[in-house]
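A short write-up of the structure that comes next.
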Amino acid sequence: MSTATLRLFPKITDAGLDELPQTHRKKIEDTLEPCATRRRADNIRHYAHGIGDDNPLWCDPASPRERA
């Protein structure tokens, strides 16, 4: 394994934090299309699990929302 590491995400630096107020309300132009464009029960359940929300309304297959 090489000592060089490929960074996929930007690093938070003091200079970056100083520039942050200048980017407030700046329009984001180059973005990718979201991977999920439809709200389905499994997408909602995966999101809820990802943020640690174990509310049965989102996670329980027997809930009224899941049967709709």
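What to note about this one:
- Of all residues in region 1-18, those satisfying the criterion of being exposed (fewer than 10 other Cβ atoms within 10 Å of the Cβ) and either outside any loop (DSSP other than H, G, I, E, B) or at pLDDT 75 or above (or both) are Lys11, Ile12, Thr13, Asp14, Ala15, Leu17, Asp18.
- Whichever residue in region 20-51 is within 14 Å of the chain's Cα centre (by Cα) and of a type in the set (A, V, I, L, M, F, W, C) and, among such residues, is least open to solvent (accessible area, probe 1.4 Å): Ala48
The values are calculated or read from the model by the stated rules, or taken from the named source; none is laboratory data. Values in this document were obtained by computation on a predicted structure and should not be read as measured data. Cβ sites come from the backbone with ideal geometry, for glycine too, and all protein chains shown count toward neighbours. Each accessible area value is taken on the protein alone, full model and side chains, heavy atoms only, with ligands, DNA and RNA left out. Shrake-Rupley method; radii C 1.70, N 1.55, O 1.52, S 1.80 Å.
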